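Asks: The structure follows.
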Amino acid sequence: MSVSIKNITKIYGEQRALDNVSLEIPSGEIVGLLGPNGAGKSTLMKIITCFIPPTEGTASIFGKDIFEDPMAVKAITGYLPEHNPLYLEMYVREFLSFVAGLHKIKSKNRIEEVIELVGLTKEVNKKIGTLSKGYRQRVGLAQALIHDPQVLILDEPTTGLDPNQLVEIRSLIKSIGQKKTIILSTHIMQEVEAVCRRAIIINNGRVVADDDTKHLARGASLETIFHKITQEQ
Ligand code: ADP
Ligand code: MG
């Protein structure tokens, strides 16, 4: 299993952000994690990328446990956090060289490879702060991909993009997904339909649906699906 999440609960103070979440994600899948604001998507992503610990439960990436071997987990996982934090004063290539350094990547070639892969060739000598939102997302994807991870965790990678950028970033994610396991979060059902084979819906920290996108969506919005799920329960 590429990602295995076992009985994860996360409590912040009095808030139960995740409640006994278990998921198995086989290698090579592109999975959409859907849910409204506050559902627990970002919390789950931060836990499986070793940025915060769960209150209970554990997770492993290709058999590497987040508690026992966080360095190994980080070595095989790429993460694009929500709001894509970047150093706006840095130049694109300079920033990616910096990130490569953090991963102890010595090859200059790898930096150029990733720049080409995400379509940043024309922008490499620009300051990140001067780029459009879509190109900044490409920089975010490049930093997540630089160490050629097997698993990519993308937290709302298309939020705030204009329609053209949205289409481009989605197709980029799809093409990257031919060789990697990807979990991406969104609150847009159409996004999951466009990119993912499998959709997992979370609400109030619980998994409320997990199915083939085709079965689940059938053109319906997240609101309609929610309505149906809550009526069934
Ligand atoms: P999503 O990404 O689906 O919008 P989050 O994982 O960000 O959801 O948040 C889940 C719940 O946990 C929300 O109610 C949020 O307010 C709460 N939460 C998230 N981070 C913290 C934190 N650091 N401290 C306290 N509560 C938090
Ligand atoms: Mg979030």
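The values are calculated or read from the model by the stated rules, or taken from the named source; none is laboratory data. On a predicted model such as this, the values are computed, not experimentally measured, just so you know. As a convention, Cβ positions derive from the backbone with ideal geometry for all residues, glycine included, and neighbour counts pool all protein chains shown. Ligands, DNA and RNA are stripped out before the accessible areas are found, and what is left, the full protein with its side chains, is counted by its heavy atoms. Shrake-Rupley method; radii C 1.70, N 1.55, O 1.52, S 1.80 Å.
Asks: To the nearest 10 degrees, how steep is helix 163-176 against the longest Cα principal axis of the chain, on a 0 to 90 scale?
Replies: 90 degrees
Asks: Probe radius 1.4 Å, ligands and nucleic acids ignored: give me the carbon and sulfur share of the accessible area of the chain as a rounded percent.
Replies: 51 percent
Asks: Set Lys and Arg Cβ to +1 and Asp and Glu Cβ to -1, take the dipole of segment 32-169 about its Cα centre, and tell me which of PHE62, ASN37, THR158 lies farthest positive.
Replies: Final value for the positive-end residue is THR158.
Asks: Here is a further query. So if a site counts as exposed when it's one of the chymotrypsin sites (Phe, Trp or Tyr not before Pro), its DSSP state isn't H, G, I, E or B, and it has at most 16 other Cβ atoms within 10 Å, what's the longest stretch of the chain without one?
Replies: After excluding every exposed loop site, the longest remaining stretch is 88-233.
Asks: Pick out which of ILE153, ILE202, ILE52 has the largest mean-square fluctuation in a Gaussian network model of the chain, springs linking Cα atoms closer than 10 Å.
Replies: In the Gaussian network model the winner is ILE52.
Asks: Taking the Cα centre of the chain as origin and charging only Cβ (+1 Lys, Arg; -1 Asp, Glu), how large is the dipole, in debye to the nearest 20?
Replies: The calculated dipole for the chain is roughly 560 debye.
Asks: Among the trypsin sites (Lys or Arg not before Pro) within segment 6-113, which fall in a DSSP loop and have no more than 11 other Cβ atoms within 10 Å of their own Cβ? Each step should come with its number before you reach the end.
Replies: Details: sites: LYS6, LYS10, ARG16, LYS41, LYS46, LYS64, LYS74, ARG93, LYS104, LYS106, LYS108, ARG110; in loops: LYS104, LYS106.
Listed in order of number, the matching sites are LYS104, LYS106.
Asks: Please give the charge dipole size of segment 45-136, origin at the Cα centre, charges +1 on K and R Cβ atoms and -1 on D and E Cβ atoms. Round to the nearest 20 debye.
Replies: Result for segment 45-136 is approximately 420 debye, rounded to the nearest 20.
Asks: How high is the relative contact order of segment 52-128, in percent, counting Cα pairs under 8 Å that sit 6 or more residues apart?
Replies: After rounding, I find 29 percent.
Asks: Using Cα atoms only, what is the angle between the long axis of helix 108-117 and the major principal axis of the chain, expressed in degrees (0 to 90) to the nearest 10?
Replies: The angle comes out near 60 degrees.
Asks: Could you name the lysines in cross-link range of LYS126, using Cα to Cα under 17 Å and dropping any fewer than eight places away on the same chain?
Replies: none
Asks: Let me ask something else. When DSSP beta bridges are limited to those with both residues in the chain, what percentage is antiparallel, rounded to the nearest 5?
Replies: Bridges in the chain are about 55 percent antiparallel.
Asks: Answer rounded, prolate or oblate for segment 78-233, using the Cα gyration tensor with square roots of eigenvalues a ≥ b ≥ c: rounded when a/c is under 1.5, else prolate when a/b is larger than b/c, else oblate.
Replies: Prolate, because a/c is 1.5 or more and a/b exceeds b/c.
Asks: Something else now. Taking the Cα centre of each part, how many Å lie between segment 65-99 and segment 180-202?
Replies: Value for the Cα centre distance between the two parts: 22 Å.
Asks: Using only the alpha-carbon atoms, how far is helix 222-232 inclined from the longest principal axis of the chain? Give it as 0 to 90 degrees, nearest 10.
Replies: Computed tilt is about 30 degrees.
Asks: Would you please name the trypsin sites (Lys or Arg not before Pro) within segment 153-217 that are DSSP coil residues with at most 11 other C-beta atoms within 10 Å of their C-beta? Intermediate results must be reported in sequence, preceding the final value.
Replies: Numbers: sites: ARG170, LYS174, LYS179, LYS180, ARG197, ARG198, ARG206, LYS214; in loops: LYS179, LYS180, ARG197.
Sites meeting the loop and neighbour criteria: LYS179.
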